[in-house]
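Only one structure is covered here, and it is reproduced in the block below.
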Amino acid sequence: MGDLKTQVEDVRSSFGAAMASANSTDSLQELKVRFLGRKGTLTALLKSLGSFSPEERPLAGEALNELRDELERKIDRKKQELIQTEDAAAEAEDKIDVTMPSRGRPRGAFHPVAQTMHEIVGIMQGIGYSVALGPEIEEDYYNFECLNIPPWHPARDMQDTFYFPDDGRERRTLLRTHTSPVQIRAMLQYGAPLRIVCPGKVYRRDNDPTHSPMFNQIEGLLIEKDVSFSVLKGSLRELMNGFFGRELKNRFRASYFPFTEPSMELDIECVECSGKNSGCRVCKGTGWLEVCGMGMVHPSVVRSGGIDPEKYNGFAFGMGLDRMAMLKYGINDLRYLFNGNVSYFLSGRDA
Ligand code: DAH
């Protein structure tokens, strides 16, 4: 019996040490197996009861059963504790803090020229115009001939126009130098009456700080009956004030384009200095900005579009979208629009 007592004490103390180092439900389960499992230390002692004398057996049994109950109780209690701490740890790890600020991603945006194009097209749609598009690879017939630009005109020069190699075709192919050929294509396609705007890329052999070999224009064309010059003036005033979001002074200056007669140019009040700064870098101190060429469509252009100029007349205008974007958004170098470097637009400009 004395022997059993020390064995019970041994089990109790090694169990105590094992319990102290069991810090997870897994290690606790291992511990349980080690002491109470089929081959466990205590189980082995219980099995040895048979070797006790009949007088000793009840006492020994009682002592071992008590010990087993004690171990089971302690294991159960510890198990509850461990489950709680493990659950709390898992919860802390999974926790989503909905108040945490996001990591922040740079937002995409339209290119300033696309933005400008959408704004101008939107205003023109508001006064009844539709969008018409034409090819960037154009024939010299539409780009020049139909528009009264004679072979000797400087615009036709190799210095100004990107021609494709001469492949013997009657009509040479080129990169359109303006959006005006879309006037002819649209008249041929839709007939009269017609109100269209034609935005798009155009190309010229030019490359310096204020000229890019590719740039953007928007063309406008209205063909109706008895159109007067005042309708043109009113429409363009509407467009400029709408685009810049305020009433701007304007003036129509006599000019020349082969495809309009008479021809004019529209100047608006300088959007930077309103004419108040003789050193203004935008208007060069003149107080005015040239923004748009226009005129009453030449009868021979109307005819090239398959429309009888005796019945219909109209006006056309053309302007540079890049310049409009630069003026509205305060971009001071054309190259920022095309070099693909967005940092200028993300920082405070003028960089
Ligand atoms: N096509 C001209 C250019 O590229 C701009 C222009 C002027 C268009 C007068 C027109 C117009 O429709 O009437 O410089």
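The values are calculated or read from the model by the stated rules, or taken from the named source; none is laboratory data. Keep in mind the model is a prediction, meaning the values are calculated, not measured. As a convention, Cβ positions derive from the backbone with ideal geometry for all residues, glycine included, and neighbour counts pool all protein chains shown.
Taking the stretch 246-351 as the region of interest, the strands (runs of 3 or more DSSP E) fully inside it that hold 1 or more residues being in contact with a Cys (Cβ under 9 Å, 6 or more places away or on another chain) are 260-269, 288-297, 313-320.
Only residues that are more than 30 Å from Phe144 (Cα to Cα) and either in contact with a Gly (Cβ under 7 Å, 6 or more places away or on another chain) or not polar (S, T, N, Q) (or both) were counted in the stretch 244-276, giving 13. Whether a residue is surrounded by 14 or more Cβ atoms within 10 Å (Cβ to Cβ) and either away from the ligand (no atom under 14 Å from the Cβ) or farther than 27 Å from Ser130 by Cα (or both) was assessed, and Gly287 passes this test.
Of the residues making up the stretch 308-351, those that are of a type in the set (Asp, Glu) and more than 16 Å from the ligand (Cβ to nearest atom) are Asp308, Glu310, Asp333, Asp350. Among the residues of the stretch 49-64, those that are assigned to a helix (DSSP H, G or I) and either in contact (Cβ under 8 Å) with a residue 24 or more places away in the chain or surrounded by 13 or more Cβ atoms within 10 Å (Cβ to Cβ) (or both) comprise Leu49, Glu56, Arg57, Leu59, Ala60, Gly61, Ala63, Leu64.
When Phe35 is tested against the conditions (1) part of a helix (DSSP H, G or I); (2) surrounded by fewer than 16 Cβ atoms within 10 Å (Cβ to Cβ), the lone failure is (2). There is no residue in the stretch 15-27 that is surrounded by 12 or more Cβ atoms within 10 Å (Cβ to Cβ), modelled with pLDDT under 85 and among the aliphatic types (A, V, I, L, M).
State yes or no: is Gly275 touching a residue at least 40 places away in the same chain (Cβ under 8 Å), over 32 Å from the mean Cα position of the chain (by Cα) and within 25 Å of Gly242 (Cβ to Cβ)?
Here the answer is no, as Gly275 does not meet what is asked.
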